[in-house]
């Protein structure tokens, strides 16, 4: 046992005699230690960066999903508002629209009464080109009217037609004066919309 202690002591003493060898040992030890720390740090940073990248990707995906959901909620809210407007419009439209069978008994007399109320002399009303209504589309009937009267009454009649509750569309009209009198002739073409 004394021999072992002496050898260890001798080794220490001998190492002490060669300072360059001791310096190299310490330097090597420190380089190995720093290299190990560097490698471990790189490995840890690699794993942290890859998991961090995954988390960032998840966050970006969640943000885009959140944006899509918010846009969807906005679209649903707009659709609800539009649906209420459409329901109100349909409620208001229902009494105005009539079937094609009602046109001769309801619309034509209404137009005739407007010509009389405006002091016009009706000469002719004709219905033509009936397009029947389908479940999802309105139907239509073309009509033409010829009437005669003072220009102010003709213009008043056109204003009445334009503002009437009946679903009418003015396609064209022509006003010509009657020679030798203060009267004008109205040639009017329009469209009456119908429901099924």
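Nothing in this text is a laboratory measurement; each read-out follows from the coordinates by a stated rule. Because the structure is predicted, anything quoted here is derived from the model rather than measured. All Cβ positions, even for glycine, are placed from backbone atoms using ideal geometry, and neighbour counts span all protein chains on display.
Here are some notes:
- Between residue 26 and residue 44, the contour length at 0.36 nm per residue exceeds the Cα-Cα span by 3.8 nm.
- Pairwise FRET efficiency - residue 56 versus residue 138, Cβ, R0 = 35 Å, nearest 0.05: 0.05
- If you wrap the Cα atoms of the stretch 103-194 in a convex hull and average its projected area over all directions, you get 5.9 nm².
- Full extension of the chain segment joining residue 130 with residue 73 gains 16.2 nm, where the gain is 0.36 nm per residue of separation less the Cα-Cα distance.
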